[in-house]
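Comments concern the structure below.
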Amino acid sequence: MKLSLFSESQSQEVIDLFKNVFSASENEIEGQVIAGFVEDLISTTNSQDLIGCVAFEKGIIVGCIFFSRFRVPSGQEAFILSPVAVATDVQGTGIGQKLIQYGLDYLRRLNVSLAFTYGDPSYYAKTGFEQINEGIVKAPCPLSQPIGWLAQSLEGKEIQAMAGSTRCVEALNDPSLW
Ligand SMILES: CC(C)(COP(=O)(O)OP(=O)(O)OC[C@H]1O[C@@H](n2cnc3c(N)ncnc32)[C@H](O)[C@@H]1OP(=O)(O)O)[C@@H](O)C(=O)NCCC(=O)NCCS
């Protein structure tokens with residue numbers, strides 16, 4: 001398996017991956033919703049605000065994750081991880097965790113201080129994310145599942161409580177995704 005940064009020429013392959021993975025794990029409608037979200041994320045986000053990572057096997061993309069810029073009141077550099085997909089036939093073989101670790105290492109090299117995500121706490125704990133209370137950092141939209149609000153410091157420090165609202169990129173700023 002090879003890991004690399006996402007490039008725009010891979011957009012269609014990545015959109016198809018998300019569509020297929022979520023059609024299989026949820027249903028076809030969800031597959032279309034996620035594919036639309038990924039298309040939006042790629043086409044409406046400034047390149048300096050979006051970092052994608054892809055995993056290849058035999059020249060085919062079998063995993064993809066995106067981090068997009070997340071503005072927090074402390075002014076620290078922050079990115080949010082969403083969405084994540086690993087091809088159905090190779091799930092459970094460590095690709096998701098390796099991709100996330102690769103992306104987090106890349107963010108550290110860019111001196112990004114904080115990473116956030118919204119998802120299953122037990123899965124994302126494997127790559128260092130911990131549950132975070134909205135009293136520490138607010139989510140950008142109302143959360144339907146507050147236990148899924150997760151973060152980690154990329155500097156090994158405790159995340160300090162910060163008052164004020166946060167802002168995600170436009171494609172993620174959709175209450176139905178939260
Ligand atoms: C969730 C997903 C990204 C995990 O990637 P993966 O490469 O299959 O997972 P890994 O091989 O890195 O990790 C496997 C471990 O995570 C656990 N795991 C896998 N999917 C999980 C999930 N949806 N929830 C909780 N735990 C999960 C496995 O039980 C396994 O645990 P173990 O190591 O203790 O046995 C992948 O299965 C996927 O794309 N699923 C469908 C789409 C999805 O749900 N995306 C995430 C929301 S955006």
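The values are calculated or read from the model by the stated rules, or taken from the named source; none is laboratory data. Since the model is a prediction, treat every value here as computed from it, not as a measurement. No Cβ is skipped: glycine too gets one built from the backbone with ideal geometry, and neighbour counts run over all protein chains shown. Heads up: the accessible areas ignore ligands, DNA and RNA and are worked out on the full protein's heavy atoms, side chains in. Shrake-Rupley method; radii C 1.70, N 1.55, O 1.52, S 1.80 Å.
If I build a Gaussian network model for the chain, linking alpha-carbon pairs within less than 10 angstrom, which residue out of ILE60, ILE51, ILE42 has the largest mean-square fluctuation? Among ILE60, ILE51, ILE42, the largest GNM mean-square fluctuation belongs to ILE60.
Ligands, DNA and RNA left out, the 1.4 Å accessible surface of the chain is 46% carbon and sulfur atoms. In the elastic network of the chain, a GNM with C-alpha springs shorter than 10 Å, the most mobile of ALA139, ALA78, ALA163 is ALA163.
Multiplying the residue separation of LYS126 and GLU28 by 0.36 nm and removing their Cα-Cα distance gives an extension gain of 32.4 nm. Specify the longest stretch of the chain that does not include any exposed loop site, a site being one of the GluC sites (Glu not before Pro) with a non-H, G, I, E, B DSSP assignment and at most 14 other Cβ atoms within 10 Å. Longest site-free region, per DSSP loop and neighbour criteria: 27-133.
Per residue, the accessible area of the stretch 2-172 comes to 50 Å², computed with a 1.4 Å probe over protein heavy atoms only. Here the chain is assigned +1 on the Cβ of each Lys and Arg and -1 on the Cβ of each Asp and Glu. Its dipole about the Cα centre then comes out at about 560 debye.
Put simply, the stretch 2-172 fits an ellipsoid with semi-axes of 25, 17, 16 Å; these come from the alpha carbon gyration tensor as the roots of five times its eigenvalues, largest first.
Given Cα pairs under 8 Å that are at least 6 residues apart, what percent is the relative contact order of the chain?
It comes to 21 percent, rounded to a whole number.
In the chain, helices alone account for a calculated mean residue ellipticity at 222 nm of -9000 deg cm²/dmol, with every DSSP H run of four or more residues adding -39,500 (n - 2.57).
Residue separation times 0.36 nm, minus the C-alpha to C-alpha distance between LYS2 and ALA163: what's the value?
Gain in length upon complete extension: 53.9 nm.
Suppose R0 equals 35 Å; then what is the FRET efficiency for GLN48 and THR93 from their Cβ-Cβ distance, rounded to the nearest 0.05? For GLN48 and THR93, the calculated efficiency is 0.60.
Between PHE66, PHE56, PHE22, the residue with the greatest mean-square fluctuation in the GNM of the chain (Cα pairs under 10 Å linked by springs) is PHE56.
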